[in-house]
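Student: Structure in structure tokens, see below.
Derivation of every value follows stated rules applied to the coordinates shown; laboratory data play no part. Bear in mind the structure is a predicted one, so any value in this text is a computation, not a measurement. Here the Cβ is made from the backbone with ideal geometry for all residues, glycine too, and neighbour counts use every protein chain on show.
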Amino acid sequence: MIGVIANEDQAEIIQEFFQLFKTPWEMYHPDESYDVVMASGTAPEGIKAKLVLVYDSNPDCGDDEAEPVHSTPIQNGKLEWRGNQIPLYGQLLTFKSASQRPICNTTSSAIAAIETNKTSPRVIRLGFGLFDEVAHLLSAGQPLQNAHTPTLDLHITMLRDLILDSGISLIEIPPLPVGHDIIACLTHDIDFVGIRQHKFDHTMWGFLFRSTIGAVKNMVLGRASFWHVVECLKAAAKLPFVYLGLARDFWSPFEWYLKVEKDLSPTYFLIPFKHRGGDNVKAPHPERRACKYDVTDIADWVTRLQTEGCEIGVHGIDSWHSVEKGREELNRVANLVNQAEIGMRSHWLLRNSDTPKVLEQAGYSYDSTCGYNETLGYLNGTSQAFKPIGVQKLLELPMHIQDGALFFPGRLGLSELEARRRSDALIDSTRRLGGVLTILWHDRSHGPERFWGNFYQQLVETLKMHRAWFGTASRVVTWFRRRRDLAFRSFRSADGTRRIRLCGTEEKMSPPFRIRFHTANGRDSKTEKMDFSWAGDGDLDPHLLDGHNVQEIVRPLPLNAAQVF
């Protein structure tokens, strides 16, 4: 059990952190004994624990043994932790080594954490505020230069390592279902349903330029092959026949995606109202945000997509800033689809600090707007679905890989080889740390003049090779929501020993959850890891599990919110 000492104003952040690091915890009680105590600020005397972790950048927080190098903390430091670099967005206090054992350094070799007491309890002083870092990540997010780093997930990894290194065993529910190495969510923002709707506008002229002069230029610069140019020129020559209805509209997206993603449960975000550019758009050319179609124009496709196991979401125009318009857009789509819950991704990824609250009030189940237009990576530092600050139920499904960010010249402008390397790095990171990899591939990206379809197919095949669980956005969010509903409950056994019961719900979850035991045999010794499968129904006493028994489910108990940790 972890006991947490912190200010009351950090309560929401602490609760969210331990939804992401799903392990037993509670706010610290002076009369209780703990395996670990985490303190933001000065830790009180007389703590009964095996390990005390003091997270604070204040030089005067009360630990006399930890002597800082400077009285003023530095800003924007970066930790070096076992091959990973962890950016810090708040202040960092660095320490003199003296007789204390350094635990963690910065990338500039300054000491960011030291061991101030080697006996019981072991005390480690870290020169930053962990929960302040989490609050920043879940609100402001990360700048582009750190987008590739799953910072929040690495903070969890570092905490877990510190606990296990102290010889303390740990139980947790990782963000990864049984039977899979990764969760994958394939999504599509549908801005166009065909080029036939665009006659003599900027879209048509832009297509003709990119498929002729632009294609030749890219070949000269080494960005495109000769055959790519040939296919682009053929598409440009075919355009008049498309307008006459004598040739297939090569920007029609659905047939191609249904073939490539058969049985992979993709999610389509559809425009609720055509000819609306939206309000409060500060990006260049806001009039181009208006689309030539809306969901009612493709009602037959909506039915077909749902029949094929796809999910429909709202590609919001004004939902990101207006409760009234958010409800209007939600109802527009809800009237056409047969879904219990509907989520949203904002057109052009527009959002502000109030967007989560606005979406929750409008009635959305989840949002999937948190991602980058300019690059790929972790805007909020995590692969997990999380609850934004200030909302009650709405979850954010972060977006990690976007086609335009990878290939547009004004953004990363990568070759397919480099795009593969960057995408594989995110896949490997998500497999290692757990969570979901959310991919956005736009409607016309498989067709001319982009021809990014082969890359997408290879990306999907790579995920299959890694035993991905492919789920619709709402199903993935539901899995994370059910994981959040699981709770560790403290109780006293007949002999007075404090024990933990894992409390589930009445419904089984598919795919099931993992219960992971980290067994530490002593300080600095090798840790053993063992997983058990649990569908989340009923209550489970982890003490009844061993290496041979699968599990023993006990009678479901009513949960008291005050006793849930």
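Student: Suppose every K and R has +1 on its Cβ and every D and E has -1 on its Cβ; what is the size of the dipole of the chain about the Cα centre, in Debye to the nearest 20?
Tutor: Numbers: 63 positive and 69 negative charges, 326 e Å.
It comes to approximately 1560 debye.
Student: If the limit is 31 Å between Cα atoms, which of 199/259; 50/464; 259/529; 118/529 go over it?
Tutor: 50/464; 259/529
Student: Something else now. Hey, can you grab everything whose amide H is under 5 Å from the amide H of residue 365? Only 5+ residues off in sequence or another chain; H modelled, so Pro and N-termini drop out.
Tutor: Excluding prolines and chain starts, which carry no amide H, the hits are 342, 343.
Student: In degrees, nearest 10, range 0 to 90: what is the angle between the Cα axis of helix 323-334 and the longest Cα principal axis of the chain?
Tutor: The helix 323-334 is inclined about 70 degrees to the chain.
Student: Taking the chain, how much of its Cα-Cα pair set, in percent, is spaced more than 47 angstrom apart? Provide the component values of the computation, followed by the final result.
Tutor: Working: 30161 of 159330 pairs.
In whole percent, the long-distance tail amounts to 19.
Student: Among 349, 265, 372, which residue has its Cα positioned farthest towards the positive end of the charge dipole of the chain, with +1 placed on the Cβ of Lys and Arg, -1 on the Cβ of Asp and Glu, and the dipole taken about the Cα centre?
Tutor: 265
Student: Further question: So what's the projected area for segment 1-127, the Cα convex hull averaged over all directions, in nm²?
Tutor: Working: hull surface 32.0 nm².
Mean projected area of the Cα convex hull: 8.0 nm².
Student: Among DSSP bridges having both ends in the chain, what percentage is antiparallel? Round to the nearest 5.
Tutor: About 50 percent, rounded to the nearest 5.
Student: Looking at segment 106-163, which trypsin sites (Lys or Arg not before Pro) are DSSP coil and have at most 14 other C-beta atoms within 10 Å of their C-beta?
Tutor: For trypsin sites (Lys or Arg not before Pro) across segment 106-163 that sit outside H, G, I, E and B with at most 14 neighbouring Cβ atoms in 10 Å, the list reads 118.
Student: Given H placed on each backbone N at 1.01 Å, which residues far from residue 399 in sequence or on other chains put an amide H within less than 5 Å of it?
Tutor: 370, 371
Student: Another question, if that's okay. Could you calculate the contour length gain from residue 35 to residue 352, that is, 0.36 nm times the residue separation minus the distance between their Cα atoms, to one decimal place in nm?
Tutor: Working: separation 317, 0.36 × 317 = 114.12 nm, distance 4.00 nm.
That works out to 110.1 nm of additional length.
Student: From the phi of every residue in segment 221-235, what ³J(HN,Hα) in whole Hz does the Karplus formula 6.51 cos²θ - 1.76 cosθ + 1.60 yield, where θ is phi - 60° and glycine or proline is x?
Tutor: Ordered by residue, 3J(HN,Hα) equals 7, x, 8, 9, 7, 4, 5, 4, 5, 4, 5, 5, 5, 5, 5 Hz.
Student: Further, regarding this structure: At a Förster distance of 22 Å, what's the computed FRET efficiency of residue 247 paired with residue 209, Cβ-Cβ distance as r, to 0.05?
Tutor: According to the calculation, E is roughly 0.60.
Student: For residue 27, put the label point 7 Å out on the Cα→Cβ axis and report which residues of segment 477-510 keep their amide N under 18 Å from it.
Tutor: Within reach of a label on residue 27: 488-490.
Student: Helix 130-139 against the longest principal axis of the chain: what's the angle in degrees, Cα atoms only, rounded to the nearest 10?
Tutor: The angle comes out at about 20 degrees.
Student: Moving on to the next point. Stretch residue 340-residue 85 to full length: gain in nm at 0.36 nm per residue minus the Cα-Cα span?
Tutor: Working: separation 255, 0.36 × 255 = 91.80 nm, distance 4.14 nm.
Full extension from residue 340 to residue 85 adds 87.7 nm.
Student: Note down the nm distance, to one decimal, between modelled labels 7 Å out along Cα→Cβ at residue 259 and at residue 296.
Tutor: Between residue 259 and residue 296, the label points sit 3.3 nm apart.
Student: Here's another thing I want to ask about it. Please report the relative contact order for segment 112-161, taking Cα pairs under 8 Å with a sequence separation of at least 6, and give it as a percent rounded to a whole number.
Tutor: For segment 112-161, the relative contact order is 23 percent.
Student: Can you list residues whose amide H is under 5 Å from residue 37's amide H, if they're 5+ apart or on another chain and H is modeled 1.01 Å from N?
Tutor: Long-range HN contacts for residue 37: 3, 51, 52, 53.
Student: Then there's this: At a Förster distance of 60 Å, what's the computed FRET efficiency of residue 288 paired with residue 115, Cβ-Cβ distance as r, to 0.05?
Tutor: With a Förster radius of 60 Å, E is 0.55.
Student: Determine the relative contact order of the chain: mean sequence separation of Cα pairs under 8 Å and six or more apart, normalised by residue count, in whole percent.
Tutor: Relative contact order for the chain comes out at 15 percent.
Student: Using the Cα centre as the reference, give the magnitude of the dipole from point charges on the C-beta atoms of segment 196-250 (Lys, Arg: +1; Asp, Glu: -1; all else neutral), rounded to the nearest 20 debye.
Tutor: Dipole about the Cα centre, nearest 20: 40 debye.
Student: Let me know the shape class of segment 196-250, please: from the alpha-carbon gyration tensor, a ≥ b ≥ c as square roots of the eigenvalues, rounded when a/c is under 1.5, otherwise prolate if a/b is greater than b/c, or oblate.
Tutor: Because a/c hits 1.5 or more and a/b fails to exceed b/c, segment 196-250 counts as oblate.
Student: Relative to the longest principal Cα axis of the chain, at what angle does helix 202-211 sit, 0 to 90 degrees, rounded to 10?
Tutor: Once rounded, the angle reads 90 degrees.
Student: Once you put a point 7 Å from the Cα of residue 108 and another 7 Å from the Cα of residue 202, both along the Cβ direction, what distance in nm separates them?
Tutor: Roughly 4.3 nm, to one decimal.
Student: Need the full-extension length gain, residue 139 to residue 234, defined as separation in residues times 0.36 nm minus the C-alpha distance. One decimal, nm.
Tutor: Stretched fully, the residue 139-residue 234 segment lengthens by 29.5 nm.
Student: Please give, to one decimal in nm, the separation of the simple spin-label points placed at residue 418 and residue 216, each 7 Å out from Cα toward the Cβ.
Tutor: Placing both labels 7 Å along Cα→Cβ, they lie 2.5 nm apart.
Student: If you don't mind, there's one more thing I want to ask. Based on the Cβ-Cβ distance from residue 45 to residue 8, what FRET efficiency comes out when R0 is 22 Å, to the nearest 0.05?
Tutor: FRET efficiency, residue 45 to residue 8: 0.55.
Student: Hey, can you rank 237-250, 366-379 by average C-beta count inside 10 Å, highest first?
Tutor: In decreasing order of mean packing, 237-250, 366-379 become 366-379, 237-250.
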